[in-house]
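The values are calculated or read from the model by the stated rules, or taken from the named source; none is laboratory data. Being a predicted model, the structure only gives us computed values, none of them experimental. Note: ideal-geometry Cβ built from the backbone for every residue, glycine included; neighbour counts use all protein chains shown. Side chains included, ligands, DNA and RNA excluded: accessible areas come from the protein's heavy atoms. Shrake-Rupley method; radii C 1.70, N 1.55, O 1.52, S 1.80 Å.
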Amino acid sequence: MTADWTGALARAEAHAPFLSRAMDRLPDLVALLAAGEGKAALAWATRQGEGVEEVGVALRRERLALALALAIGDLAGAFPVARVTGELSLFADRAMDAAIAEAIRRRVPDAEPAGFIALALGKHGACELNYSSDIDPILLYDPALLPRRERDEPGEAADRVARAVVETLGRVTGDGYVFRVDLRLRPASEVSPLAIPIEAALTHYESSALAWERAAFIRARACAGDIGAGEAFLAAIRPFVWRKSLDFGAIAEIGRLTSQIRSNTRQAWTVGPNFDLKKGRGGIREIEFYAQTHQLIHGGRNPALRLRGTRATLDALAAAGIIPADDAQLLGDSYDRLRTLEHRLQMVADQQTHALPSEWAAIEGVAKLEGLPDSDALLSEITRITQAVGERYDALIAASGNGGGNGGSLGGNVLPVGSKPLTEELARLGFADADELAQRIDGWRSGKMRALRSEAARMAFDAIQPALLAALAAAPEPERAFLRWEQLLANLPTAINLFNLLEARPALVQLLARILSLAPPLADELARRTDLLDPLIDASAFALPGDVEALVADFACGECDDDYERVLDRVRRRVGEKRFALGVQLIEGATDPLEISAALARVAEAAIRVLTDAALAEFERSHGRIAASELVILGLGRMGGGALTHASDLDLVYLFTGDFEAESDGRRPLAATAYYNRLCQRVTGALSVPTAEGALYEVDTRLRPSGDQGPLAVSFDSFERYQKEQAWTWEHMALCRARPLYGSAEARDALCGIVSEVLKAPRDAAKLRADVLEMRATMAQHKPGKGLLDVKLSRGGLVDVEFIVHYLQLREGKALIPRLGEAIPILIAEGLLPEAMIAAHGTLARLLITARLLAPDAREPPSAARSVLAKACGCSDWDAVLASLAQARGAVAAVWQDLFGEELEIA
C-alpha cells in the first residue's frame, strides 16, 4: 500500500488538535513529511535536543518532534505499529538515561553515572509503548557504587536521584512533558523509598513478592543507568519469574485479576461510547494476559517463550504447539489493530486514554482521523475484534473456574471432610474399607500432611478430590494406588502446583492413578519430583525422543551460561523428564519396549556428552589443556549396546589420546595421566552425584583395564597394549559391546580400529569355549536368577544369549556389532545361529525392559501389571506371556546345548 502523507497531514489538521498545534510549531518537519521523507523526518526529530544545555528542555523538544513524525507516518500507513511503539520505547530509554545522568551530576558534577538502575516494565519493557503513555520503571541502586557527596547517605542520595528523574521527565512546562513516570510497581510502594537497594529488592522477590509481580517481570529489561548491573539483577530473579515446573496456578491468578478488571468496567462492556480498548472485554489487556498466562505456565521449562513482545510471544506459543496457529494469528492481528486505534485516541489531545469518547461527535472524529467513513464503521470493526478475542480469552480463563479461585473443570461438589457423605462416596466407588479411608483423608488435613497445612492448599485439594478419588478407585489396583498417593503426598513439602495442574488437565488424574497403581519406580520418582507430570500435558510426550544430536541441543540449551551447577541441574531435570515420559509410554503400551530401550540409551548418551563438556570446561579453568590430546569415553554393556532399561547403570571406560607424559598448560598444570584421572573423577561426579534436582545415573568403571586396581583413565596406547597382551577372555567378551560415546570423530575411529583388531585376533577355539563355560558357571553360582521375571540371570535368559553371541563373535571374528539385536541376524545369515534366536531375544529383551518398571523385584506382579506386561510383549494374556517366555528360554537352551554340549536347567 502506498503511503498517503498528504491525506495523513490533512486528517491530523482536521481531527487531532494536539497534532495540529505541533504542525504549527514545526513547519520544517511538516515540509519533510509532506514530501514523504519519513526516514529523514525521524532523523530531524531526534536532533531537536542537540545543543540545548538543559536536559529537560532538550528532551521535551525531541519528544514533540518525534510525536509528530511518528503520528503522521502512522496515519500515512508508512510506519507499522511495531515501528511506532519501538521508536517511542527507544526514546524513553534515551530520556531515562539522560535524566539519571543529569540527576547524579547535579550533586556530584564530575561523576560517571554508576550504581543506579532503571528497569523498564510493561509496554516500555516490551518496546511497545503507547503513543501517549506513561512509563512504569523500577529504580534500584547499589549503595557501594552510587556517586554521592561525602555527607549523603546512600539511600538519601538515591532518593534525590529518583525525585530528580521524575521531575525532569514528568514536569509540564511550556514545551510540554517528556513522560509521565509512575513508580508504583516497585516493591511495597506504599511504604518504600522511590529507589530500592538492589539487595533489598532481591530479598523481596525471593521471599515475599506477589503473583502479579511475576507477570510484571515477564517484560522487564534494564533500560537505563547501569545496564550491566540491571541485567545481573534480572538474571538473579529469573527463578522467581520463570518457575521450573508448570504453574497452572497462574491461570487462577490472572483469572481473578480479570474478574476484578471486568467488574470495574462492566458498564462499558458494549462497544460504544466510553468502551475501553485496553480494559474492556476482548481488549488489549486480555490479549496481553492471554500471552503472559501461557508464558507463566510454560516459560520456566521452555526458554524460547521468554519473550517480551506480545506479538512475538503469541508466535512462539504457536511454534511450540501450545496454542493453535490460527489463534496466534487472530490475536496478533487483533492486538496490532487495537493498538493502532488506541494511538488514534491518544493523538487527538496527547492524553493517556484508552476509552472511546463519551460523545458521538468525538467518536466520529476518531473514525475520520483513522481514515474510516464514519463512527459506525469504527464501532463495527472494534465489535468484531473484541468478540473474537473475548471468546478465546474466556476459554482460557474457564480453566480456573472463571477466574474465581479453585474449583474449575475438575471440582464438582467438594465432599465434606470426615463425614458420612465421604464414607458413602468411597464405598460407592468400590473401596473396601471406606470408613477407614475417610478417616485417613480427614487426617491429611489435620496437620499430618505438610502439603495440606495452608488454607490455599486445602482449597486446591478440594477442587480435585472428587475426580482424584474416582480415578484411584478406577485404577487397576485401587488400594495400592490410594496408598501410593498417600505416600506421595506425605513426601511433598508443598503440592499446590500439583493440585492446580491436575485441576487444569483432567486426563492427568487418570494417568497418575495408573502410574501409582502399576509402576513402583515411577511412583517413587513422582514422590521426589511431582513436576515430572508437567511434560505429559503435551501429546509430544508420547513420541520418542529425537536423535542424540537433538537431545544434546535440548539438554545444553537454556540460560545456563557457563554456570556448572546450573548445567548439572538442567540435565538432571531434562533426563528425569525424558525417562519418566518413556516409562509412562511403557505402561500405557504406546511404544515397543525395544524402542523405549534404545531411546533411554540415546538420552544417556546425550547426557554424557553435555555433562562431559561442562566438566571439561570447568576443569580447564584451573588446569588448562593438553596439546594434541583429548578425552574419549567408551560405553560397554547395555550402554554400549544402545539398549538401556530404567534400572540400568552406565558401564564406562575413560581413555585419552596423545602422549601420557605430556603436561597441561593451565595455571595449575598436571601430567597427562593425573590430568585425565582427575578429570574423569569430575565427569563421573557430574553423571552420578545427586544435586538439588536429584540423582542421575550410577556409573560403573570396573570394566576398565585392570579393573578397580587400575587407573580410572588410561592412554590409547596403554589400552591397546593391555587388551592385546593382558586382558582376560571375559574382558574381550565385554569389548564386543564397546561403542565410543564421547570424543572427536577422529579419536572415535581410532578407538574403533583398536577394538576391531583385538576382537578379530586369532583365538584358540577350545580355550575360548572353556573360558566361556567357566565364566558362566561361576556367574550362575554367585548370581542366580531372583524370580520368575529375572529374564537376565535365569538360565536360558539374556545373559546366556550374550554369552552365545559374544562367543561366536570372538570365535569367528564376525558380526562385531555392539547391538545384540543387529548382531544376531548377521550370525543367523552366516549359518551360526537358528532363526528362533531373533524371537527369543526379542521376547526376553521386552520382558526385561518392562519388568524393570512393573515388577522390579522380578516376582510375578499383580493382575493389572500382568496385563500391561502381556501387551508390551505382544501377548494376548499372562498365560501367553509365560508360554512365550518358556519358548524363548527353550530356544536359548537348545542353542547352548548345540554350541557347548551342555544342558541348561530352565525349569
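For ARG94 and MET459, a Förster radius of 41 Å and the Cβ-Cβ distance give a FRET efficiency of 0.30, rounded to the nearest 0.05. Only one of [x] 114, 81, 61; [y] 109, 78, 55; [z] 108, 76, 60 was calculated from the structure for Cα extents along the principal axes in Å, and its label is [z]. About its Cα centre, the dipole of the chain is roughly 1000 debye, where the only charges are +1 on Lys and Arg Cβ and -1 on Asp and Glu Cβ.
Simple spin-label estimate for SER189 and SER540 gives 3.7 nm between the two label positions (7 Å along the Cα-to-Cβ direction from each Cα).
Counting lysine pairs in the stretch 687-841 that sit 8 or more residues apart in sequence, or on different chains, and whose Cα atoms lie under 17 Å apart gives 4. Expressed as a whole percent, the accessible area of the chain that falls on carbon and sulfur atoms is 50 (1.4 Å probe).
Each peptide in 779-787, 90-98, 848-856 was scored by the mean count of other Cβ atoms within 10 Å over its residues; highest first, the order is 848-856, 90-98, 779-787. For the pair ARG337 and ASN274, label points projected 7 Å from Cα toward Cβ lie 2.6 nm apart. Computed log10 I(q)/I(0) for the stretch 108-151 at 0.19, 0.25, 0.30 Å⁻¹: -0.68, -0.83, -1.01, from the Debye equation with unit scatterers placed on every C-alpha and solvent omitted. When only alpha carbons are used to place a centre, the stretch 88-163 and the stretch 432-476 end up 52 Å from one another.
Shown is the FRET efficiency for SER744 and GLN709, computed with R0 = 30 Å from the Cβ-Cβ distance and rounded to the nearest 0.05: 0.50. Within the stretch 600-688, which trypsin sites (Lys or Arg not before Pro) sit in a loop by DSSP and count at most 16 neighbouring Cβ atoms inside 10 Å? Answer by residue number: ARG625, ARG667. The peptide list 62-69, 762-769, 318-325, put in order of mean Cβ contacts within 10 Å with the highest first, becomes 62-69, 318-325, 762-769. Normalised by residue number, the volume inside the convex hull of the Cα atoms of the stretch 610-768 is 121 Å³ per residue. Quick check on the stretch 641-715: take the gyration tensor over C-alpha atoms, sort the square-rooted eigenvalues as a ≥ b ≥ c, and tell me if it's rounded (a/c under 1.5), prolate or oblate. The shape class here is oblate. One Cα centroid belongs to the stretch 322-379, the other to the stretch 19-78; the line between them spans 23 Å. Summarise the long-distance tail of P(r) for the stretch 118-257 by giving the % of C-alpha pairs beyond 20 Å. Cα-Cα pairs of the stretch 118-257 separated by over 20 Å account for 50 percent. The slack between LYS244 and ASP717, meaning 0.36 nm per residue of separation minus the straight C-alpha distance, is 165.7 nm.
Dividing the Cα radius of gyration of the stretch 423-549 by 2.2 N^0.38 Å, with N the residue count, gives 1.08. In the stretch 582-698, inverting the average of 1/r over every pair of distinct C-alpha atoms gives 15.7 Å as the Kirkwood radius. Using the Cβ-Cβ distance between LEU210 and ASP879 with R0 = 41 Å, the FRET efficiency computed as 1/(1 + (r/R0)^6) comes to roughly 0.10. For the stretch 560-662, which GluC sites (Glu not before Pro) pass both filters: DSSP loop (anything but H, G, I, E, B) and at most 14 other C-beta atoms within 10 Å? Filter output for the stretch 560-662: GLU661. Spin-label model, ARG171/ALA325: points 7 Å from Cα along the beta carbon direction are separated by 5.5 nm.
Its residues counted as N, the stretch 65-168 yields a C-alpha radius of gyration over 2.2 N^0.38 Å of 1.27.
The residues of the chain expose, per residue, 41 Å² of accessible area to a 1.4 Å probe. Beyond 27 Å, what share of the Cα-Cα pairs of the stretch 714-858 remains, rounded to the nearest whole percent? The proportion of pairs with Cα distances above 27 Å equals 29 percent. Counting only protein heavy atoms and using a 1.4 Å probe, the accessible area of ASP531 comes to about 20 Å². Here the Debye sum runs over all C-alpha atoms of the stretch 180-237 as equal scatterers in vacuum, and log10 of I(q)/I(0) at q = 0.20, 0.31 Å⁻¹ comes out as -0.83, -1.62. For the pair ALA40 and ASN491 in one chain, pulling the backbone fully straight at 0.36 nm per residue adds 155.8 nm over the alpha carbon distance. Expressed as a whole percent, the proportion of Cα-Cα pairs in the stretch 775-907 lying more than 20 Å apart is 44%. Counted residue by residue at 0.36 nm each, then reduced by the alpha carbon distance between them, the extension gain from MET779 to GLU822 reaches 12.9 nm.
On the principal axes of its alpha-carbon atoms, the stretch 699-763 has extents of 31, 29, 20 Å, going from largest to smallest.
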